[in-house]
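Have a look at the structure below, then the notes.
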Amino acid sequence: MKAVKRICAFLIGLVLFVAGLVKLMDPVGAGLVVEEYFKFLHLGFLMPLAKAVGVGMALFETLLGAALLAGVWPVVVGFVSLAVLAGFTVLTFVLWIAGPAMDCGCFGEAVHLTHFQSLMKNVVLLLLWAVAFIPMKSVRRPKAVKYVSFGIAAVSVVVFALFGLKNIPPIDFTAFRPGVTLQQAESAPGPDSPLLSICDSDGDYFDELLASGPVLVVSAYDYDRLGQEDLSALGDWMSSIDGVPVYLVTGGSEVPVGAYSSDRRTLMTLNRSNGGVTLLSDGLVIAKWSAARRPASDRVSELLALDPTEAMIKQNTPKRLKLQGFLLYVTAVLLLL
């Protein structure tokens, strides 16, 4: 029976750990989810805190999952996890009844659940909790080394969260992920083909620019938040690019001279970094870079010289491998140490 209890606690921890980690690697997306909740709960005055709340909750969820996986502080962690799961269940029940047009955001952009599916997921987790922790006195106490493994994992998760704040997600689950073709570049667009519309200060649309040949799109969804130093660095980078058109697209009402504007949320979906760069080839999304890691002209030319599929593999595979390595490392620390 103790083995069954440990397995149930392990499953709860795994779900919380994965759900939190997916959101930690996409802090902007986590903030967008929290914004939707604030709108639903009529807490619009808290909007400026959405990203901080999203990252904080994701970090707490990940660490709670790690604690369950390691089995540390079983009584305290058991009661805290019960409170969290009960809160999630109540919230998803309200969403199911009200039926707002929003995603629960349980697994970020990786997995989209209906409100009913999200509710059932939380009910199942509550049932697993009952098996794992009732009666509480029967919960197995961990070995002392498990507290060491949890500490190492916790520090690693915090570092991962800080990395996510400075970089775009290593795996892209958005509608504009690499390998997707823009709607305007397809003769017969599919139902999931994303549309990125851009217009100038006069309101004239120039969507065809994004579907013709190779282009670099700088998506500054919060242009007014870019400081003078950021704008200077952006200008220097744009002037350093040869042979490929570079389009600056902003998400606000203010459209700088020579730039275009688009929907702010669409730009945030295109590239999570404010001032980040996306490489398109005939409307096909090839690669993305954060504002802090914009590519040199030679790197862009190198990717465009390759077959589109080969270019995507060359650019995106190393990031996936690093993420997989991190996951294996944390899993080994929690389970084997």
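Applying the Karplus relation 6.51 cos²θ - 1.76 cosθ + 1.60 with θ = phi - 60° to segment 2-10 yields 3J(HN,Hα) values of 5, 5, 5, 4, 5, 5, 5, 5, 4 Hz, where x marks Gly and Pro. Taking label positions 7 Å along the Cα-Cβ direction at both L165 and T331, the computed distance is 2.8 nm, reported to one decimal.
Listed values for segment 272-288 are Karplus-derived 3J(HN,Hα) couplings in whole Hz (6.51 cos²θ - 1.76 cosθ + 1.60, θ = phi - 60°), namely 5, 9, 6, x, x, 10, 10, 9, 10, 9, 6, x, 8, 6, 9, 7, 9, and x replaces Gly and Pro. Remark: segment 2-166 carries a charge dipole of roughly 920 debye about the Cα centre, counting +1 on each Lys and Arg Cβ and -1 on each Asp and Glu Cβ. With each label modelled as a point 7 angstrom along the Cα→C-beta vector, the D298-D224 pair spans 4.1 nm. Decide, for segment 99-169, between rounded, prolate and oblate: order the square roots of the alpha carbon gyration tensor eigenvalues as a ≥ b ≥ c, take rounded if a/c falls under 1.5, and otherwise choose prolate if a/b is larger than b/c, else oblate. Here segment 99-169 falls in the oblate category.
In this structure, the amide hydrogen of L195, modeled 1.01 Å from its nitrogen in the peptide plane, lies closer than 5 angstrom to those of Q183, counting only residues at least 5 positions away or on a different chain. Which residues does the label zone of M238 cover in segment 244-269, counting backbone N under 15 Å from a point 7 Å along Cα→Cβ? It comes to 244-252, 254-262, nothing else. Centre-to-centre separation between the Cα atoms of segment 261-299 and those of segment 198-226: 11 Å. Modelled spin labels at T309 and F60, positioned 7 Å past Cα toward Cβ, are 4.6 nm from each other. When Rg and Dmax are taken over the Cα atoms of the chain, they come to 22.3, 70 Å. The stretch between A101 and R141, if pulled fully straight at 0.36 nm per residue, gains 10.0 nm over its current Cα-Cα span. A simple rule links phi to the HN-Hα coupling: the Karplus curve 6.51 cos²θ - 1.76 cosθ + 1.60 with θ = phi - 60°, which for segment 315-323 gives 7, 9, 4, x, 5, 5, 5, 5, 5 Hz, with x for Gly and Pro. Based on Cα contacts under 8 Å between residues 6+ apart, segment 1-62 shows a relative contact order of 44 percent. Beyond 26 Å in Cα-Cα separation lie the following of the pairs K39/K322; K5/K319; K121/K146; K39/K121; K5/K322; K143/K319: K39/K322; K5/K319; K121/K146; K5/K322; K143/K319.
Every read-out reported here was derived from the displayed coordinates using simple, explicitly stated rules and does not represent laboratory data. Everything numeric in this text was worked out from a predicted model, so none of it was measured. A quick note on method: Cβ atoms are made from the backbone with ideal geometry, for glycine too, and the neighbour counts reach across all protein chains shown.
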